[in-house]
2 protein chains.
Amino acid sequence: MINDILKGLKNQEHKYIAQAISIVENNSSLNKNLLLNLKTSSMESIKIGITGPPGAGKSSITNQLIKKYRFEDKSVCALLVDPSSPFTKGAVLGDRIRMRDFYNDSKVFIRSIASRGSKGGLAENIDYISDIVEFSGFDVIIYETVGVGQVELDVVDSVDTTIVVLVPESGDDIQVMKAGLIEIADIYVINKYDRKDSDKLFLTLTNMLQLADKDKWIPKIVKTVAINDIGIDSLKDELAIHRKHLIKSNKGLDKYNDRFIKKIKHRLISDFENSFWNKKRYEFLNSEIEKDINDRLDIDSIINKIKSI
Amino acid sequence: MINDILKGLKNQEHKYIAQAISIVENNSSLNKNLLLNLKTSSMESIKIGITGPPGAGKSSITNQLIKKYRFEDKSVCALLVDPSSPFTKGAVLGDRIRMRDFYNDSKVFIRSIASRGSKGGLAENIDYISDIVEFSGFDVIIYETVGVGQVELDVVDSVDTTIVVLVPESGDDIQVMKAGLIEIADIYVINKYDRKDSDKLFLTLTNMLQLADKDKWIPKIVKTVAINDIGIDSLKDELAIHRKHLIKSNKGLDKYNDRFIKKIKHRLISDFENSFWNKKRYEFLNSEIEKDINDRLDIDSIINKIKSI
């Protein structure tokens, strides 16, 4: 089975890509381990993260970028990270809507992934999923997420360039989001730039970027009206400029290495948990939980006892 | 030192609460372990999570709720989870602004916490921080977070009642957020209800809740204009109703037990990592990373080799 999948991935067959991602999402550790050693390279695919508050127009920007890259005959994979439930394993709504535009295009693969799976969450799985789509040889890989939280930071680790999409109305929130945004954005997009207060947000952002560390990359600001295809070409140009910067400064390789190490550490933890938790240990833990709160041992003692079993 | 802190916590002294939270955030495992065994109970504090998209008015709602609870002479702790950077350890801007209202009130403790610390992130630390503030005996504990991502789901695990704040403009995003929201909200607030399209959002939400599992709690919808103190009393009533439901249905204890187990599991992983990674193992890992990507062993082999050292 795994050989079929590997062959399918190499041929960029959607059926097998979807199957491999499902293996990771379902977290069957046996099958997942088979996917651990996919060989990928640094800076081969163009890897873009798109994030920002709900309603900022991230989907429109993703859609327009896909079209532009398709015009150059590049293959594109878009992974939509849904703020999904731990129970229902994620809304598929997002990609169903988008699928329409690219339904007959075999070089576009779109898929929703759950921000929290049955176990462990996206942080661990994102590395596997990245490997799967990179191994499949897409020229461009786009991750789209909502908000600026832990998930987004995990995604940032997985991409080369992070775009933060804002709208003029976002102005009020800039203060609070300041610290988080300065760090993660390589490119800012002010979308719906035809609305009022656009220039005000542009100014606020420009001032904010004065605080950025000049030795590092200074984020660019791009003005767009994505729905009318205004500014998307500039955005694509900025993406190319940032990519050159990553290659020249070796930052791309640094990011690759960070992911490589993270993958090893995650796998070691997962091995530890699989071997550590056996029936007897679970039984002891459960027997404590069944007691009244005040009758339980303290956590330190429970841990020592579990280890000694 | 730890005895001073424990005593300070019991007396609800801000200085010691801040110090204990810093110990957790700085992740010094030695000191953190001393905080592992704080004895807390189920359903003693009123624990509320407030989340929603940026700009929805979460801060205003938090502020108004604090005022209401203070009016009843309840002590309140508000933890503002900032979408903060892994490098700068979080924006303190949020609470500085808010501090003003309650600056001289010794029964209000407000603090920003970073959504991602130097290691591991909030998921692990949130349990420690919850314990610290619960142990300090606050009558009300409010967590405020931005968005509906992994961080929010971690916070949901730590509170008893989750409020999702929306604004009329959120209507467009409801579809995409559907799955995530249905699961996490115990109470919806439509804030800025004086704006247009408020009734439309109310209708959309009401329809959406038809899909909720009737055997479980059906989330309530509260209309507010927080900035003018409209609807906040109703919100407080709904919080009390949900709390009664949790106590009656034993759900509060279930949540407490889930946190108890999670804490044990996290601690075991942390113990494993601390004992596993030694100098020789790190050296081997680094020697592989220094190689050209194509010359490296595959991850499986690296892991086996590291284990055998």
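Just so it is clear, none of the values below were taken in a lab; they were calculated from the coordinates. Note that this is a predicted model, so its numbers are computed, not measured. Glycine gets a Cβ as well: all are built from the backbone with ideal geometry, and neighbour counts include every protein chain shown.
Taking label points 7 Å from Cα along the Cα-to-Cβ direction, B:Phe276 and A:Glu290 give a separation of 3.2 nm.
Spin-label pair A:Lys236-A:Arg100: with each label point 7 Å from Cα along the Cα-Cβ axis, the two points sit 2.3 nm from one another. With its label point put 7 Å out from Cα toward Cβ, B:Phe71 sits 5.8 nm from the same residue's point in the other copies, in order from shortest. Taking other Cβ atoms within 10 Å as a rough exposure proxy, B:Ile46, A:Ile132 sort from fewest to most as B:Ile46, A:Ile132. Backbone phi angles across the range B:258-269, fed through the Karplus curve with coefficients 6.51, -1.76 and 1.60 (θ = phi - 60°), yield HN-Hα couplings of 4, 5, 4, 5, 4, 5, 5, 5, 4, 5, 5, 5 Hz in residue order; Gly and Pro are listed as x.
Taking θ as phi - 60° and the Karplus parameters 6.51, -1.76 and 1.60, the scalar couplings of the range A:63-69 work out to 4, 5, 5, 4, 4, 4, 5 Hz in sequence order, x denoting glycine and proline. Residues whose amide H comes within less than 5 Å of that of A:Ile46, counting only those at least five positions distant or on another chain, are A:Val140, A:Ile141 (H built at 1.01 Å from N in the peptide plane).
Is the range A:220-309 best put as rounded, prolate or oblate by its Cα gyration tensor, with a ≥ b ≥ c the root eigenvalues, rounded for a/c under 1.5, and otherwise prolate when a/b is larger than b/c, oblate when not? The partial results should precede the final answer.
On the way: a/c = 4.85, a/b = 2.61, b/c = 1.86.
Since a/c reaches 1.5 and a/b is larger than b/c, the shape of the range A:220-309 is classed as prolate.
Among B:Ile221, A:Ile141, B:Ile247, B:Ile163, the order by Cβ neighbours within 10 angstrom, fewest to most, reads B:Ile247, B:Ile221, A:Ile141, B:Ile163. Taking amide hydrogens as placed 1.01 Å from N in the peptide plane, the amide H of A:Thr162 sits under 5 Å from those of A:Gly49, A:Asp186, A:Ile187, each at least 5 positions away in sequence or on another chain. Taking label positions 7 Å along the Cα-Cβ direction at both A:Asn207 and B:Leu209, the computed distance is 4.1 nm, reported to one decimal.
In this structure the amide hydrogen of B:Glu144, modeled in the peptide plane, comes within under 5 Å of the amide hydrogens of B:Ile50, B:Leu79, B:Leu80, B:Val81, none closer than 5 places in sequence on its chain. Taking other C-beta atoms within 10 angstrom as a stand-in for reagent exposure, B:Ser270, B:Ser22 fall in the order B:Ser22, B:Ser270, fewest first. The other copies place their A:Asn11 label points at 7.5 nm from this one, listed shortest first, where each point is 7 Å from Cα along Cα→Cβ. Our coupling estimate for the range A:225-238, obtained by passing each phi through the Karplus curve with A = 6.51, B = -1.76, C = 1.60 and θ = phi - 60°, is 10, 4, 4, 9, 6, 9, x, 5, 5, 4, 4, 5, 4, 5 Hz, Gly and Pro reported as x.
Taking the label point 7 Å along Cα→Cβ, A:Lys216 and its counterparts in the other copies are spaced 3.9 nm apart, in ascending order.
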